[in-house]
Amino acid sequence: MDKQELYILCDRVAGLILLAKKVVVFTGAGVSTESGIPDFRGPGGIWEKFDPDDFTYHKFLRDADVRKKHWRLLRSLTPAAEPNPAHHAIVELNRLGKLDCVITQNVDNLHQRAGLAAEKVLELHGNMQSAVCLDCGRRYPFAQIKVRLDEGEEAPDCEACRGLLKPAVILFGEPLPDEVLREAALRSTEADLFIVIGSTLTVYPAAYMPAYAADAGARLVIINLSATPLDGQAEIIIRAKAGEAMPRIVRRLKEKQGI
Ligand code: ZN
């Protein structure tokens, strides 16, 4: 996609945002790759270094070695990732009064780090910045757990009850949190503009959200480098990086608003 084409499409998206009453933004790994967080599935992705078969809920509960691998993976992911221009543009959209909520598949906490209030972010797959005790439900900030990992503990347990600690992310085979899922589905059906950023829309039930929105009559915009199963229903498709498209869209929106 050349600059001219990108400019025209971003301008059209800005026009849709200007008219919309309820804008829902849906984000996947592609919004965070420019922050240095590797895509799980792509080349050079996390699943080339770790075996995804180990990352099931079932194995986590059953196998102490698998639990150690989980903590090793988390420890390797967390340092130094900062929000990128796409995250900041979404925060700006919110400041302009044009964001109902973000529904995200990401667990990296970068939307909140960029400045969105926690209640604006519906995390379908949890958040790696905390850990939860499966026995007593106590939550711990990951920073606190990381100190213990750095000191050589391989699979930290709950300090209160010695129960099993699990990263507060949804593992394969683990049900998504009901409340978040229901809220995300509701917001999706109520949206009149639904913007997908950096997701291939292949992981369910997350990928149902844009389908709910489109079926309920929302306009659908997809910003993703590769094709998605919902491209046929999208009004505008932008094949660009999130960090290239989103700041342009927000800049055009501000011009249209006269800011
Ligand atoms: Zn506990």
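Using a Förster distance of 35 Å, how high is the FRET efficiency between residue 190 and residue 147, based on the Cβ-Cβ distance and rounded to 0.05? Could the numbers behind the result be given before it?
Numbers: r = 42 Å, r/R0 = 1.21.
Once the sixth-power term is evaluated, E becomes 0.25.
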Identify all aspartates and glutamates with a Cα-Cα distance to residue 22 below 14 Å; exclude those on the same chain that are fewer than 8 residues away in sequence.
100, 190, 192
Placing each pseudo-label 7 Å from Cα in the direction of the beta carbon, residue 118 and residue 216 end up separated by a distance in nanometres of 2.5 nm
About the Cα centre, and with charges only on the beta carbon of Lys, Arg (+1) and Asp, Glu (-1), how big is the dipole of segment 79-168? Nearest 20 debye, please.
300 debye
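Using a Förster distance of 30 angstrom, determine the FRET efficiency expected from the C-beta separation of residue 50 and residue 3, and round it to 0.05. Walk me through the numbers before you get to the answer.
Numbers: r = 38 Å, r/R0 = 1.26.
Efficiency, from the Cβ-Cβ distance: 0.20.
For a Förster distance of 41 Å, can you work out the FRET efficiency between the beta-carbons of residue 19 and residue 58, rounded to the nearest 0.05?
Details: r = 47 Å, r/R0 = 1.14.
FRET efficiency, residue 19 to residue 58: 0.30.
Apply the a/c threshold of 1.5 to the C-alpha gyration tensor of segment 181-259 and tell me whether it is rounded, prolate or oblate.
Values: a/c = 2.08, a/b = 1.37, b/c = 1.51.
Cα axes put segment 181-259 in the oblate bin.
Taking square-rooted eigenvalues a ≥ b ≥ c of the alpha carbon gyration tensor, is segment 44-189 rounded, prolate or oblate, where a/c under 1.5 means rounded and, failing that, a/b exceeding b/c means prolate? Intermediate values should be presented prior to the final figure.
Numbers: a/c = 1.85, a/b = 1.63, b/c = 1.13.
Verdict is prolate for segment 44-189.
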Only four residue types carry charge here, +1 at the Cβ of Lys and Arg and -1 at the Cβ of Asp and Glu. Report the dipole size of the chain about the Cα centre in Debye, rounded to the nearest 20.
600 debye
Straight-line reach from residue 166: which lysines have Cα under 25 Å away, leaving out those fewer than 8 places along the same chain?
49, 59, 68, 69, 120, 146
Projecting the Cα atoms of 64, 16, 35 onto the charge dipole of segment 1-100, where Lys and Arg contribute +1 and Asp and Glu -1 at Cβ, the residue farthest towards the positive end is 64
Considering the options 152, 117, 180, tell which one lies farthest towards the positive end of the dipole of the chain, charges being +1 on Lys and Arg and -1 on Asp and Glu at the Cβ, about the Cα centre.
117
Describe numerically, in nm with one decimal, the distance between label points set 7 Å from Cα along Cα→Cβ at residue 139 and at residue 179.
0.9 nm
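Could you calculate the contour length gain from residue 251 to residue 65, that is, 0.36 nm times the residue separation minus the distance between their Cα atoms, to one decimal place in nm? The partial results should precede the final answer.
Values: separation 186, 0.36 × 186 = 66.96 nm, distance 4.90 nm.
Here the segment from residue 251 to residue 65 would lengthen by 62.1 nm.
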Helix-only [θ] at 222 nm, the chain, -39500 (n - 2.57) per DSSP H run of 4+, per residue, nearest 500, equals -12000 deg cm²/dmol
Taking a ≥ b ≥ c as the square roots of the eigenvalues of the Cα gyration tensor, with a/c under 1.5 meaning rounded and otherwise prolate when a/b exceeds b/c and oblate if not, segment 19-76 is prolate
Most exposed first, judged by fewest Cβ atoms within 10 angstrom, 140, 208 run 208, 140
Taking loop as defined by DSSP and a crowding limit of 10 other beta carbons within 10 Å, which trypsin sites (Lys or Arg not before Pro) in segment 2-97 fit?
21
Dividing the Cα radius of gyration by the Kirkwood radius, what Rg/Rh value follows for the chain?
0.99
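Counting only DSSP beta bridges with both residues in the chain, tell me the antiparallel percent, nearest 5. Each step should come with its number before you reach the end.
Values: 8 of 29 bridges.
Percentage antiparallel, nearest 5: 30.
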So between residue 77 and residue 96, what do we pick up on full extension, going 0.36 nm a residue minus the alpha carbon distance?
3.6 nm
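Taken together, the values in this text are just the output of simple stated rules run on the coordinates, not laboratory data. Quick caveat, the model's predicted, so the values are computed rather than measured. For neighbour counting, all protein chains shown are included, and Cβ atoms are generated from backbone atoms with ideal geometry for every residue, glycine included.
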